[in-house]
Amino acid sequence: MDVILGYVDEFRHMKFRKIILQIVSLAIVVGSALSIWKSLQVVSFSESPVVVVLSGSMEPAYYRGDILFLTFFNKPFEVGDVIVYKIKDQDIPIVHRVLQIQQKSDDPLDQLILTKGDNNQVDDRALYPRKQMWLERSDIMGKIEGVLPYVGYITILLNDYPSLKFVMIGLMSLFVLTAKDPQS
């Protein structure tokens, strides 16, 4: 607690110009993060190029807390692909394997897809909206191309304990605003 009070006291004694410099530094950090996110969206063609596994339904392939990297290229999906899809009116995307595919037309991208979690007993039809038996391309966010095991567990903690999210943001902002200027 004394460390935090020390940072707050230091912030109070800063000169106006230094405070503005620190605020600009914070804005650059936030802007850089947003730029990286947008760049990943452009490169991967996915609206959400990075997701975190939140449940154990895909074990042993993917575990809770794994960070998954997605792409959404103009290629047809195949049985066995692991995809991320989002159900209308639901906030949390689902990571499951393609179990079955039906072609709707001669267009290879016009597919109906049935999914299932590796660790689940039955397919996902019970998860789909009422009267929907298949996923369409518009429901899918992307195909898994890479994984960072357990690195996303912090995201799970921040979602499970929302107050921790505000503490983390506050501490990071405080550290950026009170960082020592290397030229002084």
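The values are calculated or read from the model by the stated rules, or taken from the named source; none is laboratory data. Note that the structure is predicted; figures quoted are calculated from it, not measured. Neighbour counts run over all protein chains shown; Cβ positions are idealised from the backbone, glycine included. Each accessible area value is taken on the protein alone, full model and side chains, heavy atoms only, with ligands, DNA and RNA left out. Shrake-Rupley method; radii C 1.70, N 1.55, O 1.52, S 1.80 Å.
Residue-wise test of (1) in a loop (DSSP other than H, G, I, E, B); (2) in contact with a His (Cβ under 9 Å, 6 or more places away or on another chain); (3) within 25 Å of Phe45 (Cβ to Cβ).
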residue	(1), (2), (3)
Asp107	yes, no, yes
Lys131	yes, no, no
Glu145	no, no, yes
Leu158	no, no, no
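Residues being open to solvent by 70 Å² or more (accessible area, probe 1.4 Å) and free of Cβ contacts under 8 Å to residues at least 12 places away in the same chain: count how many of those fall in segment 27-36.
Matching residues across segment 27-36 total 4.
Within the bounds of segment 150-163, is there any residue that is out of contact with any helix residue (DSSP H, G or I) (no Cβ under 6 Å at 6 or more places or on another chain), of a type in the set (S, T, N, Q) and surrounded by fewer than 16 Cβ atoms within 10 Å (Cβ to Cβ)?
yes
How many residues are assigned to a loop (DSSP other than H, G, I, E, B), under 19 Å from Val53 (Cα atoms) and modelled with pLDDT of 95 or more when one looks only at segment 76-105?
Of the residues in that region, 2 qualify.
Can you pull out the residues in segment 139-149 that are crowded, with 16+ Cβ neighbours inside 10 Å and on the phi < 0 side of the Ramachandran plot?
Once the filter is applied, which keeps residues that are crowded, with 16+ Cβ neighbours inside 10 Å and on the phi < 0 side of the Ramachandran plot, segment 139-149 yields Asp139, Ile140, Met141, Lys143, Ile144, Val147.
Scan segment 74-104 for residues that are touching a Phe, Trp or Tyr at 6+ places or on another chain (Cβ under 6 Å) and over 18 Å from Thr155 (Cα atoms) and report the count.
1
For segment 85-113, which positions are open to solvent by less than 50 Å² (accessible area, probe 1.4 Å) and of a type outside the set (S, T, N, Q)?
Hits for segment 85-113 are Tyr85, Ile87, Pro93, Ile94, Val95, His96, Val98, Ile101, Leu109, Asp110, Leu112, Ile113.
Looking only at segment 41-75, count how many residues are part of a helix (DSSP H, G or I) and open to solvent by 70 Å² or more (accessible area, probe 1.4 Å).
2
Looking at (1) open to solvent by 50 Å² or more (accessible area, probe 1.4 Å); (2) over 23 Å from the mean Cα position of the chain (by Cα), which one does Asn119 not meet, given that it meets all the others?
If we test Asn119 against (1) open to solvent by 50 Å² or more (accessible area, probe 1.4 Å); (2) over 23 Å from the mean Cα position of the chain (by Cα), just (2) comes out false.
So is Val24 among the aliphatic types (A, V, I, L, M), open to solvent by less than 80 Å² (accessible area, probe 1.4 Å), more than 13 Å from the chain's Cα centre (by Cα) and within 16 Å of Asp139 (Cβ to Cβ) or not?
When the stated conditions are applied, Val24 does not pass them.
Exactly one condition in (1) of a type in the set (Lys, Arg); (2) open to solvent by 50 Å² or more (accessible area, probe 1.4 Å); (3) closer than 16 Å to Val79 by Cβ is not met by Lys131; state its number.
Answer for Lys131: the failing condition is (3).
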